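Trainee: Let me give you the structure first, and then I'll get to my questions.
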Amino acid sequence: MKCWTVSLRITFILLTLAFTLSCDEQWDVPPVPSTEDLTPNISIHELKQRAVRGQSMQITEDWIIGGQVVSNDRFGNFYKVLVIQDSTGGIPISINATDFYVLFEPGRRVYVKCRGLTLTDRNNDIYLDLHGQRIPDNLYREYVFRGTEVEPVTPRLRSIYQLSEADLGTLIKLEEVEFSVADKPLRYADEDRPANRTIEDCIGNVLVVRTSNYADFASAPIPDGNGWIVGILSRYRNTLQLTIRDTSDVSMRDSSCLLGGGGTQIDIAEVRAMFQGSTVPAPTGKKIRGVVISDRAHANLHERNLILQDNTAGILVRFQQSHSFDLYQEIELLLDGSEISEYNGMLQINNATLANAQIVGSSMVQPQDVTVEDLLSDFESYEAELVRLHNVQFTGATVFREGPEVSDGTGSILLFTRNQASFADQPVPASANTIVAIASQGGRDRVKQLLLRNLDDIDGSSGGGGLDTLDVLDEDFSSFPDGQDIDSRGWKSFAIEGQRQWRIKTYRGNAYAQATAFRDNAPSMVTMLVTPPLRLDQPKILQFESAKAFWTHQGLSVWISTDFDGQNIAQATWHPLQCRLASESDPDHEWIPSGDIDLSAYSGIAYIAFRYEGSGPNGKTTSARIDNVKVRPK
């Protein structure tokens, strides 16, 4: 009887244990709450801008960021660090826990309540942590929330020379790179310490690849060959470095480039002379150096094309992919693998590789003063170069996309504008004192033409509702270069007090104009953003949208002037306009319509100005934003 009782007790214990284990299949996943109701109210880029270099700054605002996981602690190369990114940037989060990769897999949506956490500068790289230390295991669930969405993250495609602070904390991909010759016999890390290896492109740009000796793949050999690498970009002091997640982030399947010194420089005129009527391969081991005279920001040239000019000639360069070279950047281009050919009459270096191009500086190019007769009589000698015509007339079109003719008394020539250009639908003036453009050819008929870069290339225009005076206005700032002070397309920002001006910013893919005194050291900041001149020959209405972020004061106001000369802003008479502006009670980042602002009390030529006043030392640092500015008939 006693044996039977003992047997029953053992059976009961075993059944209980089996039931308990079967009900706890996810025992290794700590209880982190999922969420669907957190809404980010600040971008990662904006959050990092609040950091103080060299210090830890506690966050006292109810800020929420959202992003996707791009790296976790799974393969040991990111020790107790979770990295997330949104469309504006990325940030590492320091957590004193292990194996959280089971919760935060790559692509997982994550939200972070930032209040109470700190932004810490660790050797010139910004982290989220708690009082400068890792967020404790028993506390991080109060700040870091696991979302329900999981979507693949596409790495940002970059070249080594393009890497910047904006890429820190984000997943990037470098193509046509390889490990240095000295590193190829080595392993990713040393046995007893982390290691820096060097990745380089085929023209000598280099980047550190950092690997922990605790990474699962630390003992794996460095691969030979050329290919691509994916990783998280970080910075240690003044050195950018890339950290891969595991070896699947590296693929080196092509032959090593080993170009030794990056090639011998030749003139662009020498390249042009190599074309004798039929396509020829570009010479290997040779490179050219010149200044970009086309303007990518205003899209009057295909996104893969640019025009490069040195002191001997100019030439069109067509890359295999979209490039990011800006107006007046000086670049070197290795010619290996490209060809010299013509497209619709325009001589080009075709099939150029982005990895073979690097920025080496910046420089202005002065246009050559010519007449239309000069151009047409010897067009090949001017092709792909910057020229300037004087005292011109425009005929045959009302907007630029229609292709007006430009004449100067010696002849006429087509002014070509792509439909995709930022100014394609802007009205054509009747005349201008000067016009600067690129001599080009295009179309099936190989038409000799001028290529306008942006509207600043036309000076002293008049008549026809032209560039300097608009009958209507509809501006969403989408074609302005991001992160730059505003001074194009007839818009101009003035620094009245201090140095700060209105500049273009982007949030969640939307471009807008912003002014803020945040982290400005000047005792007073006043800046005015002025529209192009507007013709008020009939009653008209102004409309726009405003938004605010990080409210501390109301610094935005709207003004109008009918005696402003376009330059001397302090000498003009400015009248305030009453309208609805984003205020303290409005949510951050929410666009508030101004309502219809009646301009019928004003006539002649008028300018609208958006004025911002603030003071960093006095805590008046609200970020003021405007967008979708419109002027139309009443």
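The values are calculated or read from the model by the stated rules, or taken from the named source; none is laboratory data. All values reported here derive from a predicted model rather than from experimental measurement. Here the Cβ is made from the backbone with ideal geometry for all residues, glycine too, and neighbour counts use every protein chain on show. Note: areas computed on protein heavy atoms with side chains; ligands, DNA, RNA excluded. Shrake-Rupley method; radii C 1.70, N 1.55, O 1.52, S 1.80 Å.
Trainee: For the chain, what does the helix formula give at 222 nm: sum of -39500 (n - 2.57) over DSSP H segments with n ≥ 4, over the residue count, nearest 500 deg cm²/dmol?
Mentor: Taken over the chain, the calculation gives -2000 deg cm²/dmol.
Trainee: Put a dot 7 Å past each Cα toward the Cβ at Thr284 and Ser180; how far apart are the dots in nm?
Mentor: 2.5 nm
Trainee: Tell me, what HN-Hα J-couplings in whole Hz come from the Karplus equation 6.51 cos²θ - 1.76 cosθ + 1.60 at θ = phi - 60° for each residue of the range 366-378, using x for Gly and Pro?
Mentor: 7, x, 7, 7, 9, 10, 4, 4, 4, 4, 6, 7, 8
Trainee: Right, something else. Starting from the 7 Å offset along Cα-to-Cβ, what nm value, one decimal, do you get for the label separation of Tyr236 and Thr39?
Mentor: Going by the 7 Å Cα→Cβ label model, 4.3 nm.
Trainee: Using heavy-atom solvent-accessible surface (probe 1.4 Å) with all chains present, what is the largest-first order of Arg611, Arg115?
Mentor: Putting Arg611, Arg115 in descending order of accessible area: Arg115, Arg611.
Trainee: State which entries of Lys540/Lys620; Lys48/Lys620; Lys492/Lys630 exceed 22 angstrom in Cα-Cα distance in the structure shown.
Mentor: Pairs exceeding 22 Å: Lys540/Lys620.
Trainee: What share of the DSSP beta bridges in the chain is antiparallel, in percent to the nearest 5?
Mentor: 85 percent
Trainee: Is the shape of the range 77-228 rounded, prolate or oblate, going by the alpha carbon gyration tensor and its root eigenvalues a ≥ b ≥ c, with a/c under 1.5 for rounded and a/b larger than b/c for prolate?
Mentor: In terms of gyration-tensor shape, prolate.
Trainee: To continue, here is another question. For the range 396-413, in order, what is each residue's ³J(HN,Hα) by Karplus, 6.51 cos²θ - 1.76 cosθ + 1.60 with θ = phi - 60°, in whole Hz (x at glycine and Pro)?
Mentor: Working through the residues one at a time gives x, 7, 9, 10, 5, 4, 7, x, x, 8, 10, 10, 9, x, 9, x, 9, 8 Hz.
Trainee: Moving on. Given Asn205, Met252, Pro429, which one lies farthest toward the positive end of the charge dipole of the chain, if we put +1 on the Cβ of every Lys and Arg and -1 on the Cβ of every Asp and Glu?
Mentor: Most positive-ward Cα: Met252.
Trainee: Rounded to the nearest 20 Debye, what is the dipole magnitude of the chain about its Cα centre when Lys and Arg each give +1 and Asp and Glu each give -1 at the C-beta?
Mentor: Value, rounded to 20: 1640 debye.
Trainee: Would you mind calculating the gained length between Gln276 and Asn196 on full extension (0.36 nm times residue separation, minus the Cα-Cα distance), in nm to one decimal?
Mentor: Extending this stretch completely gives an extra 24.0 nm.
Trainee: Another question about this same structure. Once Lys and Arg get +1 and Asp and Glu get -1 on their Cβ, which of Leu306, Ser324, Phe275 lies farthest toward the positive end of the dipole of the range 266-333?
Mentor: The residue sitting farthest along the positive end of the dipole is Phe275.
Trainee: Below 8 Å between Cα atoms, with a sequence gap of 6+, how large is the relative contact order for the range 140-288 in percent?
Mentor: 20 percent
Trainee: Normalising by the residue count of the chain, find the relative contact order in percent from Cα pairs under 8 Å and 6+ residues apart.
Mentor: The value is 8 percent.
Trainee: At each listed q (0.18 Å⁻¹), what is the log10 of I(q)/I(0) that the Debye formula gives for the range 406-555 modelled as equal alpha-carbon point scatterers?
Mentor: For the range 406-555, the Cα-only Debye profile gives -1.18.
Trainee: Follow-up. Starting from the Cα of Val52, step 7 Å along the direction of its Cβ; do the same at Thr573; then give the gap between the two resulting points in nm.
Mentor: 4.8 nm
Trainee: Straight-line reach from Lys173: which lysines fall under 22 Å, measuring Cα to Cα and dropping same-chain residues less than 8 apart?
Mentor: Cross-link targets: Lys184.
Trainee: Can you compute the label reach from Glu342? Point 7 Å from Cα along the Cβ direction, backbone N cut-off under 16 Å, restricted to the range 432-455.
Mentor: In the range 432-455, the label zone of Glu342 (backbone N under 16 Å from the point 7 Å along Cα→Cβ) covers 440-449.
Trainee: Further question on the same structure: Give the angle, between 0 and 90 degrees and rounded to the nearest 10, that separates the Cα long axis of helix 2-22 from the longest principal axis of the Cα atoms of the chain.
Mentor: Relative to the chain, helix 2-22 is tipped by roughly 0 degrees.
Trainee: Amide H to amide H under 5 Å from Leu157: which residues, 5+ apart in sequence or cross-chain, H placed 1.01 Å off N in plane?
Mentor: Residues meeting the criterion, in which the H sits 1.01 Å from N, are Lys173.
Trainee: Could you pull out the GluC sites (Glu not before Pro) across the range 142-231 that fall in loop regions by DSSP (anything but H, G, I, E, B) with no more than 12 other Cβ atoms inside 10 Å?
Mentor: Passing sites in the range 142-231 are Glu191.
Trainee: Let me ask you something else. What aspartates and glutamates does Lys287 reach when the alpha-carbon gap must be under 17 Å and sequence neighbours fewer than 8 apart in one chain are set aside?
Mentor: Candidates past the 8-residue exclusion: Asp201, Asp267, Glu270, Asp310, Glu330, Glu332, Asp336, Glu339.
Trainee: Once you wrap a convex hull around the alpha carbon atoms of the range 155-207, what is its projected area averaged over all directions, in nm²?
Mentor: Its Cα hull, projected and averaged over all orientations, spans 4.5 nm².
Trainee: Which shape class, rounded, prolate or oblate, goes with the range 361-472 when its Cα gyration tensor gives a ≥ b ≥ c as root eigenvalues, a/c under 1.5 marks rounded, and past that a/b bigger than b/c marks prolate?
Mentor: rounded
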